[in-house]
1. Quick one: residue 149 ticks every box in (1) open to solvent by 30 Å² or more (accessible area, probe 1.4 Å); (2) within 30 Å of residue 63 (Cβ to Cβ) except a single one, so which number is it?
2. Among the residues that make up segment 203-212, is at least one of them charged (D, E, K, R), more than 17 Å from the chain's Cα centre (by Cα) and surrounded by 15 or more Cβ atoms within 10 Å (Cβ to Cβ)?
3. Limited to segment 8-23, what total is found for residues that are closer than 30 Å to residue 145 by Cβ and either modelled with pLDDT of 95 or more or open to solvent by less than 80 Å² (accessible area, probe 1.4 Å) (or both)?
4. Run down 26, 36, 93 and say which single residue is in contact (Cβ under 8 Å) with a residue 12 or more places away in the chain, out of contact with any strand residue (DSSP E or B) (no Cβ under 7 Å at 6 or more places or on another chain), exposed (fewer than 15 other Cβ atoms within 10 Å of the Cβ) and under 30 Å from residue 8 (Cβ atoms).
5. Is it the case that residue 176 is in contact with a strand residue (DSSP E or B) (Cβ under 6 Å, 6 or more places away or on another chain), free of Cβ contacts under 8 Å to residues at least 60 places away in the same chain, assigned to a loop (DSSP other than H, G, I, E, B) and among the basic types (Lys, Arg)?
6. Among the residues in segment 249-263, are any out of contact with any helix residue (DSSP H, G or I) (no Cβ under 9 Å at 6 or more places or on another chain), under 24 Å from residue 155 (Cα atoms) and not in a loop (DSSP other than H, G, I, E, B)?
7. Condition first: out of contact with any Ser or Thr (no Cβ under 6 Å at 6 or more places or on another chain), of a type outside the set (Ser, Thr, Tyr), in a loop (DSSP other than H, G, I, E, B) and modelled with pLDDT of 90 or more. Now tell me which residues in segment 186-245 satisfy that.
Amino acid sequence: IYNGASRLTLVPGARLDLDTSFGVYPTPKMGLRYDPSDAVAIRASYGWGYRAPVFKELLLLFENPGAGYVVEGNPELDPETSQSVQLGLEVDPVPWLWVSSNAFYNQVDDLISIGTLAEAEAGEPTRYGYVNIASATTRGVEAATRVELAELASVHLSYTLTDSIDQELDRPLEGRALHRATAKLTGGPTASGLHGLVRAGYVGSRPFYIDTDNDQIEETIAIDPYVTLDAHIAKHFGSVLEIFAGADNLLNVGDASFTQVIPRFFYLGLTGRFAKAADPSPS
């Protein structure tokens, strides 16, 4: 629907999953977008969701002796189903600025998640496994902005607040942070062929539930927040050759028990692109 400068778009949809292991499940969805002007867009949606467990969630057996943990699949998993509502706003007032926000609410049955099966003991690693959570709710807000700096660089910031609850046990979902944020700076002088990236991520405190004293009652362990930092730089030589170098997890955060992040990692590489010359046109 178009009325002068404003536009209204309604998009219905549906999906039908036919699974030999889990049966048939329909997932309808309805999306709405309203553009009151060229610089503003308002989005709303409601839909059902369905996700069958994938191979690794059913049958994975991953052992990392160096890090001291094991992740196990669960062949008894059920598919998860959900209903979700979202409401978002995007604003693009000037060419160098973009801002967006989004609020969401998800009601999930049989949520597939990773839970702590057993804490590490002498000679035994920490055991994690995939489990179904009978009924869970996640709700929160997301916000992001992108700023272009004089055509040389771009800054992207984002923040997510996710409030989650295991409704059966009346507690937050295990391993899920309430606060997450990222910051990324990209760009470089295009004439010189240089291009760089610096990215930082923040993950807030996360709860884990472990019976630490063998009294058959799980205690709540709150893991401290952490920050990751990555950097990458590349030099282009025309459209044929690129040399690049970088480092991931410069702060070397992570541990074997609760924060399985790849340790500090440096890399250096060379990429070549060779295209076959076109045949000359026949005379």
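The values are calculated or read from the model by the stated rules, or taken from the named source; none is laboratory data. Remember, predicted model here, so these are calculated numbers, not experimental data. Neighbour counts are summed over all protein chains in view; Cβ atoms, including those assigned to glycine, are modelled from backbone coordinates with ideal geometry. Note: areas computed on protein heavy atoms with side chains; ligands, DNA, RNA excluded. Shrake-Rupley method; radii C 1.70, N 1.55, O 1.52, S 1.80 Å.
1. Of the numbered conditions (1) open to solvent by 30 Å² or more (accessible area, probe 1.4 Å); (2) within 30 Å of residue 63 (Cβ to Cβ), the odd one out for residue 149 is (2).
2. Checked segment 203-212: no residue is charged (D, E, K, R), more than 17 Å from the chain's Cα centre (by Cα) and surrounded by 15 or more Cβ atoms within 10 Å (Cβ to Cβ).
3. Looking only at that region, the number is 3.
4. Details: 26 fails: out of contact with any strand residue (DSSP E or B) (no Cβ under 7 Å at 6 or more places or on another chain); 36 fails: out of contact with any strand residue (DSSP E or B) (no Cβ under 7 Å at 6 or more places or on another chain).
On inspection, the qualifying residue turns out to be 93.
5. yes
6. No, there is no match, as no residue in segment 249-263 is out of contact with any helix residue (DSSP H, G or I) (no Cβ under 9 Å at 6 or more places or on another chain), under 24 Å from residue 155 (Cα atoms) and not in a loop (DSSP other than H, G, I, E, B).
7. Hits for segment 186-245 are 204, 224.
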